[in-house]
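In what follows, a single structure is set out as C-alpha cells and then discussed.
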Amino acid sequence: MNRRSFVIASSALALTACASTPPPANKLGPDGKPLPRLYRITAGMAGRIQFRMLDSVNSLREAAGVPAVSLNSKLNAAAATHARDMSVQNRPWHFGSDGSSPIDRLQRVGYNGRLVGETISETYETELETLAAWMEEEPTRRVIIDSTARDLGFSWHQESNGKIWWCMVLGAPGVAAIPGTGAAPVETAS
C-alpha cells in the first residue's frame, strides 16, 4: 500500500509541476497600452540608482566622444535640495522656492567650478527612462554630453503617491566664471 500511495502522490505532484499558471494580465489603459507600474525607490536603492545613472551617462558620453564624468558629493547635495524643493513647489522648474538659481545652489554647497547645466523632470518613470527622455530633447542632450563637464550630481525626491522629482547637475571643476561678469555661463534644460 505504501508503494502504491507513493506512486500516486508522485504522479499527482509531477502533473501539478507541469501545469503552468498564466502570468498576471497587464492592466491596459484607454489607449490599449499597459498601465505604468509604480516605481518605488527604497533607501537601499540610492547608491545603485546613482551609479546606474553615472554608468549610463558615461556610456552616452563615450559614444559622443567626450570624457567621462564622476559623481560629486557637492553636486549630489545641490540636486537633492532642488528635487525636494520642486516637490514642495509642485512644479518642475529651475528656480528654488527662495528664488535661487542653479548657480546659487552650487555656490551654497561650495562647489568650485562652473555650472554646465541642470536637467530636471517630474515623472513616475525610472531614472533610466528619464535619462532616455532627456536624451530625446536637444537642450537636455546638449547638457548631458557637454564636453566641458567632469562632475555629475544626481538625486531625486519621491512623494508618497509615487511621483518622482529628478534633478541632474553637471559641472566643470576649476573653471572660472566668465571674466568680468562674476557669473558662470549657464545652459539649463528641463
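The values are calculated or read from the model by the stated rules, or taken from the named source; none is laboratory data. Bear in mind that the values here come from a model prediction, so they are computed numbers and not experimental data. When we count neighbours, we look across all protein chains shown, and the Cβ atoms used for this are built from the backbone with ideal geometry, even at glycine. In case anyone asks, the SASA skips ligands and DNA or RNA and just uses the protein heavy atoms, side chains included. Shrake-Rupley method; radii C 1.70, N 1.55, O 1.52, S 1.80 Å.
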Could you please tell me which pairs satisfy a Cβ distance under 7 Å, a separation of 6+ or placement on different chains, a first residue in the range 48-63 that is touching a residue at least 60 places away in the same chain (Cβ under 8 Å) and within 17 Å of residue 150 (Cβ to Cβ), and a second residue that is surrounded by fewer than 16 Cβ atoms within 10 Å (Cβ to Cβ) and small (Gly, Ala, Ser)?
61/68
Run down 22, 30, 36 and say which single residue is modelled with pLDDT of 80 or more, open to solvent by 90 Å² or more (accessible area, probe 1.4 Å) and not in a helix (DSSP H, G or I).
30
Kindly list the number of the only condition in (1) among the hydroxyl-bearing types (Ser, Thr, Tyr); (2) in contact (Cβ under 8 Å) with a residue 40 or more places away in the chain; (3) closer than 23 Å to residue 67 by Cα that fails for residue 126.
(3)
Within the range 170-185, can one find any residue that is more than 18 Å from the chain's Cα centre (by Cα), at pLDDT below 95, buried (at least 18 other Cβ atoms within 10 Å of the Cβ) and more than 25 Å from residue 43 (Cα to Cα)?
yes
When the range 148-164 is examined, which residues are found to be at pLDDT below 95, within 21 Å of residue 94 (Cα to Cα) and open to solvent by less than 10 Å² (accessible area, probe 1.4 Å)?
164
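Mind listing just one residue for me: the one in the range 102-117 that is assigned to a helix (DSSP H, G or I) and either basic (Lys, Arg) or farther than 19 Å from residue 134 by Cβ (or both) and, of those, most open to solvent (accessible area, probe 1.4 Å)?
108
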Pick from the range 47-101 the residues that are open to solvent by 70 Å² or more (accessible area, probe 1.4 Å), assigned to a helix (DSSP H, G or I) and under 17 Å from residue 163 (Cβ atoms): which of them is modelled with the highest pLDDT?
84
